[in-house]
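**Student:** The structure under discussion is supplied below as structure tokens; questions concerning it will follow.
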Amino acid sequence: MKIVVGHLYPDYLNIYADRGNIAVLARRASWRGHELEVRTVSVGAPVEPGEHDLLYVGGGQDREQALVAEDLVAKADGVRAAVDSGAALLAVCGGYQLMGRSYRDFHGGDLPGIGVFPLETVAGETRMIGDMLLECELEPGVARTLAGFENHAGRTKLDPGAEPLGRVVAGFGNDGESGFEGCRVGRAVGTYLHGPLLPRNPWFADWVLAQALAHRLGEPPVFEPLADDLEQQAHTVSASRARSRGGRR
Ligand code: GLN
């Protein structure tokens with residue numbers, strides 16, 4: 001089956017090579033006999049209804065975020081319609097912030113977001129940097145860990161009752177206080193975990209792929225497991241690095 005990915009602003013939002021996540025999705029899809037077709041959707045191009053099974057947006061610094069924020073507002077109806085009709089979304093760091101309602105940057109400038117996620121972000125005085133570990137329960141009763149790296153000044157506050165992606169085991173997460181990391185609305189997920197996020201969290205790569213396929217099939221498919229020895233080793237190293245930095249900061 002063909003899985004169509006809309007990659008938003010790869011020319012602006014690609015800090016820490018966040019586009020590497022796409023390479024992981026493409027390879028894992030092809031191992032299952034599916035083909036990932038990646039279409040760039042940058043400044044000036046619309047998000048057409050029904051076109052994409054997955055929208056992906058990476059992270060960037062305040063400067064790059066300011067360059068795309070107005071354009072994203074122009075795409076807001078298309079992005080929201082895609083998510084409402086069951087397309088998956090993965091948004092990382094700067095892209096995650098813009099998928100919330102607003103981002104106040106380090107200099108006090110207000111950037112509009114598009115409100116896919118029920119949250120707001122305000123930059124603080126210090127940056128929250130380092131390896132991070134979280135515990136997620138994306139399916140009821142199935143707890144798994146995600147390991148990655150965060151680097152942000154933004155403090156993200158979820159609206160009351162909003163669903164986080166996970167709970168912080170080690171690191172800062174959304175704001176360094178709440179114990180929450182990321183946000184989930186159905187098949188849409190936002191996170192501060194940067195690339196390489198998916199190479200060291202293969203279960204999550206498969207979850208994202210399954211959500212994209214669910215847009216076509218109605219239900220997420222159950223994949224045969226792959227031999228993820230190297231991926232698991234990467235996860236273990238990353239998780240132990242985060243743990244060695246101590247508990248929640
Ligand atoms: N500019 C945002 C912040 O510092 C996002 C940074 C990023 O994507 N690494 O909060």
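No value in this document is a laboratory result; all are computed from the given coordinates. Small disclaimer: the values here were computed from a predicted structure and weren't measured. In this analysis, Cβ positions are derived from the backbone assuming ideal geometry, glycine residues included, and neighbour counts consider all displayed protein chains.
**Student:** Using modelled backbone amide H atoms (1.01 Å from N, in-plane), which distant-in-sequence or interchain residues come within less than 5 Å of Leu193's amide H?
**Tutor:** Amide H neighbours of Leu193, under 5 Å, 5+ apart: Cys93.
**Student:** Please report the antiparallel percentage of DSSP beta bridges with both residues in the chain, rounded to the nearest 5.
**Tutor:** DSSP beta bridges in the chain are roughly 55 percent antiparallel.
**Student:** Turning to a different aspect of this structure: Along the charge dipole of region 68-137, pointing to its positive end and built from +1/-1 on Cβ of Lys, Arg, Asp and Glu, which listed residue (Ile129, Gly94, Ala82) has its Cα farthest out?
**Tutor:** Towards the positive end, the residue furthest out is Ala82.
**Student:** Still on this model: Okay, helix-only estimate at 222 nm for the chain: each DSSP H run of n ≥ 4 adds -39500 (n - 2.57), divide by all residues, round to 500 deg cm²/dmol; what do you get?
**Tutor:** Rounded to the nearest 500, it is -9500 deg cm²/dmol.
**Student:** Another question about this same structure. Could you order peptides 234-241, 217-224 by the average number of other Cβ atoms within 10 Å of their residues, highest first?
**Tutor:** Values: 234-241: 17.4, 217-224: 11.5.
Top of the packing list down: 234-241, 217-224.
**Student:** Right, here's the next one. Suppose the chain between Lys2 and Glu137 were pulled fully straight at 0.36 nm per residue; how much longer would it get relative to their current alpha carbon spacing?
**Tutor:** 45.8 nm
**Student:** Considering amide H positions built from the backbone, and no H for Pro or chain starts, which residues 5 or more places from Ile3, or on another chain, come under 5 Å of its amide H?
**Tutor:** Glu35, Leu36, Glu37
**Student:** Extent of the chain along each principal axis, from alpha carbon coordinates, in Å, largest to smallest?
**Tutor:** Extents along the principal axes, in whole Å: 47, 44, 32.
**Student:** Using the number of other C-beta atoms within 10 angstrom as an exposure proxy, rank Lys157, Lys75, Lys2 with the fewest first.
**Tutor:** Arranged by neighbour count, lowest to highest, Lys157, Lys75, Lys2 become Lys2, Lys157, Lys75.
**Student:** Ranked by Cβ crowding within 10 angstrom, fewest neighbours first, how are His194, His52 ordered? Before the final figure, lay out the partial values.
**Tutor:** Values: His194 23, His52 26.
Ranking His194, His52 by Cβ neighbours within 10 Å, fewest first, gives His194, His52.
**Student:** Which of Met128, Met99, Met1 comes first, and how do the rest follow, when ranked by fewest Cβ neighbours within 10 Å?
**Tutor:** Starting with the residue having the fewest Cβ neighbours, the order is Met1, Met128, Met99.
**Student:** Tell me, rounded to the nearest percent, the portion of alpha carbon pairs in region 44-172 spaced more than 27 Å apart.
**Tutor:** Result for the distance tail: 21 percent.
**Student:** Oh, and also: Rounded to the nearest 0.05, what FRET efficiency is calculated for Ala76 and Arg243 with R0 set to 30 Å and r the Cβ-Cβ distance?
**Tutor:** Numbers: r = 39 Å, r/R0 = 1.30.
It comes out at approximately 0.15.
**Student:** Classify region 28-87: rounded, prolate or oblate, from the alpha-carbon gyration tensor (a ≥ b ≥ c, eigenvalue square roots; a/c under 1.5 rounded; otherwise prolate if a/b is larger than b/c)?
**Tutor:** oblate
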